[in-house]
Amino acid sequence: MKQIGIIGVGYVGLTTAACLAEMGHQVIGIDTDRQKVALLGQGQIPFSEPQLPELVERNLRAGSLSFTTHYSEALRDADMVFICVGTPSSPSGHADLSQVEAAARQIARFATRSLIVVLKSTVPPGGNAEWLADILQANLPSTIKAPLVVNPEFLREGSAVYDCFHPDRVVVGAWDTAAAEEVAGLYVPLQCPILLTDPASAQMTKYASNAFLATKISFINEIARVAERIGANIHAVAQGMGFDGRIGAEFLESGLGYGGSCFPKDVLALSAIAEQHGYSSQLLQAVMEINATQREWAVLKLEQALVSLQDKAICVLGLAFKPDTDDVREAPALELINMLCQRGAQVQAYDPVAIPTAQKVLPPHAGLRYCGDAYEAIQGSDAILIATHWPEFRSLDWDRVRSTMAGSTVLDGRGLLSSDQMRTLGFEYLAFAS
Ligand code: UGA
């Protein structure tokens, strides 16, 4: 059993803390947000993530998990401390590492004995691990050692707990072999491949993995544009491609493109870091460009179908950037709502969980109304836009939907429905090449 401190209890930090506690370690989560720490201490999770509330609750009760705002408390007996703070995009596109730097300085200030510093936050390669190790070394007394181990996170929101216990792989990058093996040892019970490497390669693996998945999405969206022009069905094409083991079936869903707190920021940061090191990545730029224009494509489709969007009632189903989360960061739905409202549309929006988070960030458009359920949002609408892949939208009573709409247009931005069935029911069904 290890004593572990976790700095930053957002999606990654809280999930890591709860999973490590469940695996038998003694874990203390540290966050500067007093209110969040107070709520977590009572087992209340500030965001929506399946299985996490039960896991936190169980380990709080067992005494293996606790939360504090005091570094001194969390670092007193720690064998390891994980840095899990955010690295948002700065205006230049580079990752803003100020929270990571602050965490390293606090570790150096409050550590009373040697411990391993595990970097889980997504930090670009190219000198940043060295920079962080220097901060630790320069600010710690010479008697205290704090080797740095880069251990990127690959969990997905919406299935974070499952991913934590069933990783496809664990990547551990370090200069200090003993520290690397100790961190790798945490994951041995999970029986997955564990790659030991250097810090820069571990950091690059994280960026390359996210960039590759984003590329896969933009690739299928690009093919959908071509398929539409030549009359091919993109779902059949994606299915046919996916059977090839070298390609794989996942992340070939065409639609409104990727959102969330990771892909947009990480592809941009990788492109910026490449640029900073003298290389301009045309591929990454194209991935971002295709993703951005998918949303314009959707608005154009609606505009063509309804002739004009002025005073048209548009029902937007789904606000979260993907199902099973209330996270709306970089969610296509939000950008679409802004675009629709700017064109004079009246938007009736619904999401099973993400309305409160959307309300916090969307500007209060005169034409925007949030609805209590999908049918209320659909009532009297000229068109429906499906923006999130929530399964409950598939199982709506589409006969009833047809009779309560004012119009008949459905733009399926997530390829959720069957084009044949929708057309048989009398809808003008629009999708990405289907
Ligand atoms: C992503 C990665 O999948 C995780 O491995 C990684 O750990 C995480 O970023 C991170 O860096 O922290 P996440 O952002 O939670 O995870 O969500 P994904 O499931 O990857 O979906 C990202 C976006 O791509 C969503 O908006 C989704 O709707 C979209 N997407 C996904 C598609 O448009 N098409 C697809 O075929 C798949």
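The values are calculated or read from the model by the stated rules, or taken from the named source; none is laboratory data. These numbers come from a predicted model, not from an experiment. Ideal geometry is used to build each Cβ from the backbone, glycine not excepted, and the neighbour counts take in all protein chains shown. Heads up: the accessible areas ignore ligands, DNA and RNA and are worked out on the full protein's heavy atoms, side chains in. Shrake-Rupley method; radii C 1.70, N 1.55, O 1.52, S 1.80 Å.
Structural remarks
- Checking each residue in the stretch 334-348 for being surrounded by fewer than 21 Cβ atoms within 10 Å (Cβ to Cβ) and not in a helix (DSSP H, G or I) picks out Arg343, Gly344.
- Residue in the stretch 7-15 that is in a strand (DSSP E or B) and open to solvent by less than 50 Å² (accessible area, probe 1.4 Å) present: yes
Yes/no per residue for (1) closer than 14 Å to Met80 by Cβ; (2) of a type in the set (D, E, K, R):
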{"position": "Ile28", "(1), (2)": "yes, no"}
{"position": "Arg34", "(1), (2)": "no, yes"}
{"position": "Gln44", "(1), (2)": "no, no"}
{"position": "Ser48", "(1), (2)": "no, no"}
{"position": "Leu52", "(1), (2)": "no, no"}
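- In the stretch 308-332, the residues that are within 13 Å of the ligand (Cβ to nearest atom) reach residues that are open to solvent by less than 10 Å² (accessible area, probe 1.4 Å) and among the hydroxyl-bearing types (Ser, Thr, Tyr) with C-beta atoms within less than 8 angstrom, at least six apart or across chains, in these pairs: Gly318/Thr388; Leu319/Thr388; Ala320/Thr388; Phe321/Thr388; Lys322/Thr388; Pro323/Thr388; Ala331/Thr388.
- A residue that is touching a helix residue (DSSP H, G or I) at 6+ places or on another chain (Cβ under 8 Å), over 15 Å from Asp373 (Cα atoms) and not basic (Lys, Arg) occurs nowhere in the stretch 343-355.
- Qualifying positions in the stretch 185-242 - open to solvent by 20 Å² or more (accessible area, probe 1.4 Å), closer than 24 Å to Leu155 by Cα, part of a helix (DSSP H, G or I) and polar (S, T, N, Q): Ser201, Thr205, Ser209, Thr215
- Of all residues in the stretch 219-247, those satisfying the criterion of being under 26 Å from Ala274 (Cβ atoms) and near the ligand (Cβ under 9 Å from one of its atoms) are Ile220, Asn221.
- Taken over the stretch 141-172, the criterion of being crowded, with 18+ Cβ neighbours inside 10 Å and more than 16 Å from the ligand (Cβ to nearest atom) is satisfied by Ala146, Pro147, Leu148, Val149.
- Filter result for the condition that a residue is under 27 Å from Ile116 (Cβ atoms), aliphatic (A, V, I, L, M) and surrounded by fewer than 22 Cβ atoms within 10 Å (Cβ to Cβ), over Val37, Val27: Val37
- Residue tally, condition touching a residue at least 40 places away in the same chain (Cβ under 8 Å), more than 16 Å from Ile314 (Cα to Cα), out of contact with any strand residue (DSSP E or B) (no Cβ under 6 Å at 6 or more places or on another chain) and outside any helix (DSSP H, G or I), over the stretch 368-414: 2
- Any hit, the stretch 248-259, residues being among the hydrophobic types (A, V, I, L, M, F, W, C) and more than 10 Å from the ligand (Cβ to nearest atom): no
- Selection status of Lys322, open to solvent by 10 Å² or more (accessible area, probe 1.4 Å), of a type in the set (Lys, Arg) and touching a helix residue (DSSP H, G or I) at 6+ places or on another chain (Cβ under 6 Å): no
- One residue from Pro352, Pro356 being at pLDDT 95 or above, within 16 Å of the ligand (Cβ to nearest atom) and under 30 Å from the mean Cα position of the chain (by Cα): Pro352
- When residues of the stretch 415-434 are limited to those that are assigned to a helix (DSSP H, G or I) and in contact with a helix residue (DSSP H, G or I) (Cβ under 9 Å, 6 or more places away or on another chain), the one most open to solvent (accessible area, probe 1.4 Å): Gln421
- For Val401, the stated conditions hold: it is assigned by TED's automatic domain parsing to the domain that holds Ser261 and open to solvent by less than 10 Å² (accessible area, probe 1.4 Å).
- Leading residue by the ranking (surrounded by the most Cβ atoms within 10 Å (Cβ to Cβ)) among those in the stretch 372-391 that are more than 16 Å from the ligand (Cβ to nearest atom) and not aliphatic (A, V, I, L, M): Ser381
- Restricting Ala269, Ala331, Ala292 to residues that are open to solvent by less than 10 Å² (accessible area, probe 1.4 Å) and within 30 Å of Ile384 (Cβ to Cβ) narrows the list to Ala331.
- The stretch 40-50 - residue that is farther than 17 Å from Gly5 by Cα and out of contact with any Asp or Glu (no Cβ under 8 Å at 6 or more places or on another chain) and, of those, surrounded by the fewest Cβ atoms within 10 Å (Cβ to Cβ): Gln42
- Unique match (being in a loop (DSSP other than H, G, I, E, B), among the hydrophobic types (A, V, I, L, M, F, W, C) and free of Cβ contacts under 8 Å to residues at least 60 places away in the same chain) among Ile144, Ile135: Ile144
- For the stretch 1-22, a tally of residues being within 13 Å of the ligand (Cβ to nearest atom), out of contact with any strand residue (DSSP E or B) (no Cβ under 7 Å at 6 or more places or on another chain) and not small (Gly, Ala, Ser) returns 3.
- Tally of residues being touching a residue at least 12 places away in the same chain (Cβ under 8 Å) and closer than 21 Å to Gln51 by Cβ across the stretch 164-194: 11
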